[in-house]
Every structure is written in structure tokens, then in C-alpha cells.
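Asks: Provided herewith is a single structure, encoded as C-alpha cells, for subsequent inquiry.
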């Protein structure tokens with residue numbers, strides 16, 4: 001019998017994950033907006049927050065800045081031995097919030113899908129996902145890991161702190177450069193190089209993501225400011241050398 005999974009939030013990432021999970025699970029979806037027609041098309045059910053939180057597995061898809069308050073709202077409705085899985089692009093703070101606000105009998109798994117609606121619009125095969133097992137039974141964790149790998153995802157296991165250190169470079173820096181190119185009003189040119197086209201690919205990677213996502217990953221990642229400052233210092237150093 002398919003497992004019941006509750007999703008909170010039906011934005012771009014929520015839709016993508018729901019589309020893939022609908023093949024293997026009974027989905028119950030809650031959002032503050034009425035997406036009932038779209039949800040029904042997936043074969044899922046549009047329900048209230050309490051019903052979603054009664055599912056054995058609950059996955060919030062909300063901006064990081066809204067997660068802590070949502071966890072407080074979820075806590076009274078969660079069943080014993082249920083599993084809450086977050087999908088934030090930062091792990092230290094969300095994990096801390098989950099441990100602080102969720103009942104001790106509720107399991108916790110931190111994740112970061114290293115893909116989005118644009119990069120995985122055709123398939124999830126070959127995409128990466130980071131798993132941070134925090135408070136979860138080994139057999140359940142291994143089952144989830146096996147499920148993801150069977151569906152073609154590359155699983156990376158990491159502690160929240162190590163995730164945030166690396167992602168401050170690999171993701172945050174990419175978004176920082178992409179946002180800077182947008183502010184610079186960079187655009188495709190007839191006279192260009194492969195290197196410039198790669199820069200434009202970075203811009204394309206971030207232009208469909210919200211400013212809130214960019215703001216949240218900078219605000220909540222404890223290594224964000226250091227990464228930005230170091231990068232800007234390097235740019236300044238190179239500029240000074242050119243100007244000599």
C-alpha cells in the first residue's frame with residue numbers, strides 16, 4: 001500500500017517533487033492559496049494543515065524565513081513516530097529549529113535537493129541530493145536513501161555544518177555572481193566567447209529563482225558573509241593589479 005506523504009507548500013519546487021512522488025505515494029497537499037485543481041490533476045488531495053500533519057511523512061516546501069513559525073504550527077498535529085523532512089538550501093538553522101520545536105518522538109531528516117524546477121524539468125536522473133540524518137531510525141533512513149538512488153538521484157551524506165560550509169561556495173557564490181550579472185544588465189551578444197556564454201548560463205540559473213530565496217540563503221547560512229567578503233576582496237585585489 002502506498003505511503004501517505006504530506007506536502008506543505010505548492011510552489012515551484014513543491015510542484016516538481018509532488019509530480020515525481022505522485023507515482024509512488026498517496027499525496028496530501030496544503031497551501032494557503034487554492035491550488036486544488038492543479039493538485040487534483042496530479043492525483044493528489046488538497047487538504048488542511050492538520051490533515052497534512054497527520055501523514056507519516058511530512059515535507060514543508062516554504063521559504064526558509066517562514067519555516068520556524070510553520071514548525072511551531074505543525075508540532076501539535078504531528079503523530080508519534082512521524083517523519084519531518086526539510087528541503088532548505090541551508091541546513092544548520094533549519095535542523096536547529098526542527099530539534100527545538102518538534103516533539104522528541106518525531107523523526108527528523110534534513111535534505112537539500114541540489115536541483116530545481118529548471119534544472120530537473122525533464123528528469124531527476126543524475127541530480128544530487130544531500131541527506132543529513134538527524135533523528136531517524138536506521139532502517140527508515142536506509143529505505144529513503146535506497147528509494148532516492150533507485151530513482152537515479154546521487155545521494156550525498158553530510159553533517160549540517162559541512163553542508164553549509166560547502167554550499168556557501170558552490171551555491172551561494174553562484175547565485176551571488178548571477179545576481180551581480182543581472183544587476184550589471186549582462187546580456188547575450190553576437191560577438192562573444194564560450195567563457196562569456198558560460199557566464200550567461202550562471203545568470204540563467206538564478207534569474208527564475210526568487211529574491212527571497214537568495215536573501216534567505218545569505219541570511220541563514222553562517223558562512224555566507226565570510227564567503228561574500230572573501231570573494232569581493234579577491235575581485236578588488238585583481239582590479240588593483242590591473243590598474244597598476
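Rule-based calculations on the coordinates, nothing more; no lab input. Here the structure is a predicted model, which means the values were calculated and not measured. A quick note on method: Cβ atoms are made from the backbone with ideal geometry, for glycine too, and the neighbour counts reach across all protein chains shown.
Asks: Among 121, 91, 99, determine the one that fluctuates most according to a GNM of the chain built with springs between C-alpha atoms less than 10 Å apart.
Replies: Highest fluctuation among the options: 121.
Asks: Can you give me the relative contact order of the chain as a percent, contacts being Cα pairs under 8 Å and 6 or more apart? If you can, show how the numbers build up before the last one.
Replies: Working: 363 pairs, mean separation 34.5, N = 244.
Dividing the mean separation by the residue count of the chain yields 14 percent.
Asks: Now for a separate question. Please compute the contact order of the stretch 166-235 in relative form: average sequence separation of alpha-carbon pairs under 8 Å and at least six residues apart, divided by the residue count, as a percent. It would help to have the intermediate numbers written out before the result.
Replies: Working: 39 pairs, mean separation 31.5, N = 70.
Computed value for the stretch 166-235: 45 percent relative contact order.
Asks: What ranking do 26, 192, 164 get, fewest neighbouring Cβ atoms within 10 angstrom at the top? Each step should come with its number before you reach the end.
Replies: Numbers: 26 16, 192 11, 164 24.
Ascending number of Cβ neighbours within 10 Å: 192, 26, 164.
Asks: Among (i) 97, 36, 34; (ii) 42, 38, 35; (iii) 67, 36, 33, find the value of Cα extents along the principal axes in Å that was calculated from the structure presented, and write down its label.
Replies: (iii)
Asks: Next up: Relative contact order for the stretch 1-127: what is it in percent, counting Cα pairs under 8 Å that are at least 6 residues apart?
Replies: Numbers: 217 pairs, mean separation 29.1, N = 127.
Reported relative contact order: 23 percent.
Asks: What is the fewest-to-most order of 176, 231, 10 by other Cβ atoms lying within 10 Å of their Cβ? Don't jump to the answer; show the numbers that get you there.
Replies: Values: 176 21, 231 15, 10 24.
Ordered by Cβ neighbours within 10 Å, fewest first: 231, 176, 10.
Asks: Could you check the spin-label model distance between residue 125 and residue 177? Points 7 Å from the Cα along Cα→Cβ, value in nm.
Replies: Label-label distance for residue 125 and residue 177, simple model: 2.9 nm.
Asks: Between 70, 42, 189, find the one with the highest GNM mean-square fluctuation for the chain; connect C-alpha pairs within less than 10 Å.
Replies: 189
Asks: Still on this structure, please answer the following. With each run of n ≥ 4 DSSP H residues scored as -39500 (n - 2.57), what mean residue ellipticity at 222 nm is computed for the chain after dividing by its residue count and rounding to the nearest 500 deg cm²/dmol? Please report the intermediate quantities before stating the final value.
Replies: Numbers: 11 runs with 122 residues, N = 244.
One gets -15000 deg cm²/dmol as the mean residue ellipticity at 222 nm.
Asks: Could you give the length gained by full extension between residue 49 and residue 23, i.e. 0.36 nm per residue of separation minus their alpha carbon distance, to one decimal place? Please report the intermediate quantities before stating the final value.
Replies: On the way: separation 26, 0.36 × 26 = 9.36 nm, distance 2.25 nm.
Roughly 7.1 nm would be gained on extension.
Asks: Measure out, as a whole number of angstrom, how far apart the alpha-carbon centroids of the stretch 173-206 and the stretch 138-152 sit.
Replies: Distance between centres, Cα-based: 37 Å.
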